[in-house]
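Bear in mind that the values in this text are calculations on the coordinates, not laboratory data. None of the values given here were measured: they were computed from a predicted structure. A quick note on method: Cβ atoms are made from the backbone with ideal geometry, for glycine too, and the neighbour counts reach across all protein chains shown.
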Amino acid sequence: MASRLEYLIDILKSEQGLTELEISEKVEEQEVLYRALQNVRYPAPVAADFLYQQDRYLQEKLVEKGVVDLNDLTPIRPNLYLWQGDITRLAVDAIVNAANSKLLGCFVPNHSCIDNAIHTAAGVELRLSSPCSCRSKERMKLRVWQR
């Protein structure tokens with residue numbers, strides 16, 4: 001039986017017409033392929049079973065990496081913390097990223113930018129939640145805060 005990761009890769013390959021692409025037997029190489037396929041995926045609905053399997057896989061990866069709680073950090077001023085490390089490990093309500101103008105993230109496969117790291121750790125539905133993934137941008141009202 002195929003692993004959860006192989007299942008996710010098969011679905012992403014199929015969506016992108018890459019069914020002939022072979023999946024390595026090495027888990028490390030499968031993880032690189034999964035990240036690449038996820039990074040280039042445009043916002044589109046996805047099956048509930050894919051989301052279920054993806055969420056289980058991502059939770060397993062998070063446990064492997066370890067979670068950093070805000071209580072484990074020392075503030076440099078009241079309510080102000082500095083963190084150097086993998087931002088996707090932080091147990092916080094939100095993180096801020098200097099995203100591209102479409103707010104959909106980087107589409108370069110396996111690019112080492114923080115944007116790809118966030119999208120990889122969050123899963124494919126992060127792009128679905130972006131305001132710019134709406135079909136009608138005329139109906140969308142974005143307020144951009146400027147200094």
Original post:
Amide H neighbours of residue 68 under 5 Å, counting only residues 5+ apart in sequence or on other chains, H built in-plane at 1.01 Å?
Top reply: 90, 91
**OP:** Report, in whole Å, the centroid distance computed from the Cα atoms of segment 51-86 and segment 33-47.
**Re:** 23 Å
Original post:
How far is it, in nm, from the label point at residue 3 to the one at residue 79 when both lie 7 Å from their Cα along the line to the Cβ?
Top reply: 4.4 nm
Original post:
Hey, what do the phi angles of segment 116-124 turn into as Karplus ³J(HN,Hα) couplings, whole Hz, using 6.51/-1.76/1.60 and θ = phi - 60°, x for Gly and Pro?
Top reply: 5, 4, 5, 5, 5, 6, 7, x, 5
Original post:
In percent, how large is the relative contact order of segment 1-116, given Cα pairs closer than 8 Å and 6 or more residues apart?
Top reply: 28 percent
Original post:
Which pairs break 24 Å Cα to Cα here: 61/102; 26/61; 13/61?
Top reply: 61/102
Original post:
If you put +1 on each Lys and Arg Cβ and -1 on each Asp and Glu Cβ, how big is the dipole of segment 11-94 around its Cα centre, in Debye rounded to 20?
Top reply: 340 debye
Original post:
Quick one: Karplus J couplings for segment 66-76, per residue in order, coefficients 6.51, -1.76, 1.60, θ = phi - 60°, nearest Hz, x for Gly and Pro?
Top reply: x, 9, 10, 8, 4, 5, 7, 9, 9, x, 8
